[in-house]
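Take a look at the structure set out below.
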Amino acid sequence: MEHLPSAETAEAAESHYFTQNPPPKNLKSNVTLAREFIDRHAEQGRRLVLVTSGGTTVPLETQTVRYIDNFSAGTRGATSAEYFLQEGYAVIFLHRQFSLLPYSRHYSHNTRSFLDFMKEENGRVVVDEQHQEEMLRVLRQYSVAKKENRLLILSFVTITEYLWELREVAKLMRPLGHKAMFYLAAAVSDFFVPQDRMVEHKIQSSEEFSQNTNRNGKTPAARTEGRSLIIDLEPVPKFLKQLVDGWAPEGMIVSFKLETDPSMLVKKAQYSLEKYAHHLVIGNLLMTRKWEVVFVSALEGEKWIRVPRNRRSRSVSGVEAWIGRAEAGKAENTVQPKAE
Ligand code: 9Z3
């Protein structure tokens, strides 16, 4: 059994991580945008949620040609963000660059091009008759969010960019107390290559050409030995512990747990809840994530939510119902699993 990190070791690991792995270049400007956004909505008394979405990468080289990726298209995050906006929240959407975005997700990343929704009429471009109703609904929701300036979009690519942005935004949200929510749907790397063990240039496929020591004399984490590629990763510090205990202790924190083995899912979700003592873990299996999730919380134990396979997005509104009950501090009127 893994040992729980003590507050001191978690803090030491955090400080080591952020000293060794420098911030992204655009961090300052993103922090300025986030600060303005948070202050404006705090003044208006709005609830604010940070939704993370998409997978983080682990670059193997400083001038990155190869990287390890975490699976996530961004559907969960982008869809959930739309529901939060509909419920009146201000949303900071911290997503993997080029993954799905709220609203535009309906027309992007498809085998069909967005142009397939259009036609020409009297020399003008208009939306096809059969898509009018659906697009009007999406456009109206998007326009409200935009007019009220309730959606701030930030992006990351690597695990280090993600952790820097999460930490800085969380700290800015701290004064909001329980009006701040963290909805952590991004698929986050567990292992990474620290900056001081990363090679500068593309890893060579043959040992003859490869750099097997770094400028600092350390053995690179990813290198060729003979004809094999050796990748020797280090653990990413447990940032959820720091988020719960240090960065945003009063915020409501919802994390996701992704597994592929059904026998592990609830156990791992419960373990995460006990370990970090936050509010809710939403467990999902890779193969069934679009129509069933399990909510694991101290308030209600284990609760499955299922939607018919053709009405996938309803699982998200289950979160709203759960949050309502968590805030009211009662466990009745639970969302009933939907039969398939
Ligand atoms: C999830 O489990 C998300 O629901 C999915 C969504 C990535 C499966 P898609 O974007 O998929 O709709 O295609 N996220 C995983 C969250 C995660 O990595 N959690 C970490 C952990 O449990 C840290 S909070 O250790």
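The values are calculated or read from the model by the stated rules, or taken from the named source; none is laboratory data. Fair warning: this is a prediction, and the values are worked out from it, not measured in the lab. Ideal geometry is used to build each Cβ from the backbone, glycine not excepted, and the neighbour counts take in all protein chains shown. The protein model used for the area step is the full one, side chains on, heavy atoms only, and it has no ligands, DNA or RNA in it. Shrake-Rupley method; radii C 1.70, N 1.55, O 1.52, S 1.80 Å.
The phi torsions of the range 176-184, fed into the Karplus equation with coefficients 6.51, -1.76 and 1.60 and a -60° offset, translate into couplings of 6, x, 6, 7, 9, 10, 10, 10, 9 Hz, rounded to whole numbers, with Gly and Pro shown as x. What shape does the range 22-128 take by its C-alpha gyration tensor, where a ≥ b ≥ c are the square roots of the eigenvalues and a/c under 1.5 counts as rounded, a/b above b/c as prolate, and the rest as oblate? In terms of gyration-tensor shape, oblate. Carbon-plus-sulfur accessible fraction, the range 177-287 (probe radius 1.4 Å, protein heavy atoms only): 51%. Put simply, the amide H of Phe191, placed in the peptide plane, has neighbours under 5 Å in Val236, leaving out anything fewer than 5 places away on its chain. Taking each of Lys241/Lys268; Lys202/Lys241; Lys267/Lys303 in turn, the alpha-carbon distance tops 25 angstrom for Lys202/Lys241. Computed from Cα positions, the angle between helix 75-86 and the longest principal axis of the chain comes to roughly 40 degrees.
Cross-link partners of Lys179 among aspartates and glutamates, defined as those whose alpha carbon lies under 15 angstrom from its own and excluding same-chain residues fewer than eight positions apart: Asp39, Glu43, Glu87, Glu250, Glu320, Glu327.
Residues in the chain average 53 Å² of solvent-accessible surface per residue, probe 1.4 Å, ligands and nucleic acids excluded.
Judged by the ratio a/c of the largest to the smallest principal axis of the C-alpha gyration tensor, the range 111-269 counts as oblate, that ratio being 1.5 or greater while a/b is no larger than b/c. Out of Glu250, Glu121, Glu161, any idea which swings most in a Gaussian network model of the chain, alpha carbons joined below 10 Å? Among Glu250, Glu121, Glu161, the largest GNM mean-square fluctuation belongs to Glu121. Once the Cα atoms are used to define both axes, helix 314-328 deviates from the longest principal axis of the chain by about 90 degrees. In the chain, the longest principal axis of the Cα atoms and the axis of helix 27-43 are about 30 degrees apart. Of the trypsin sites (Lys or Arg not before Pro) found in the range 95-175, those that fall in a DSSP loop while having at most 11 other beta-carbon atoms within 10 Å are Arg112.
Backbone geometry of the range 251-265 corresponds, through the Karplus equation with coefficients 6.51, -1.76 and 1.60 at θ = phi - 60°, to 3J(HN,Hα) couplings of x, 8, 10, 10, 10, 10, 10, 10, 9, 10, 9, x, 6, 9, 4 Hz, x marking Gly and Pro. Extents of the chain, taken as max minus min of Cα coordinates on every principal axis and listed largest first, are 62, 58, 44 Å. In this structure, the amide hydrogen of Thr158, modeled 1.01 Å from its nitrogen in the peptide plane, lies closer than 5 angstrom to those of Thr57, counting only residues at least 5 positions away or on a different chain.
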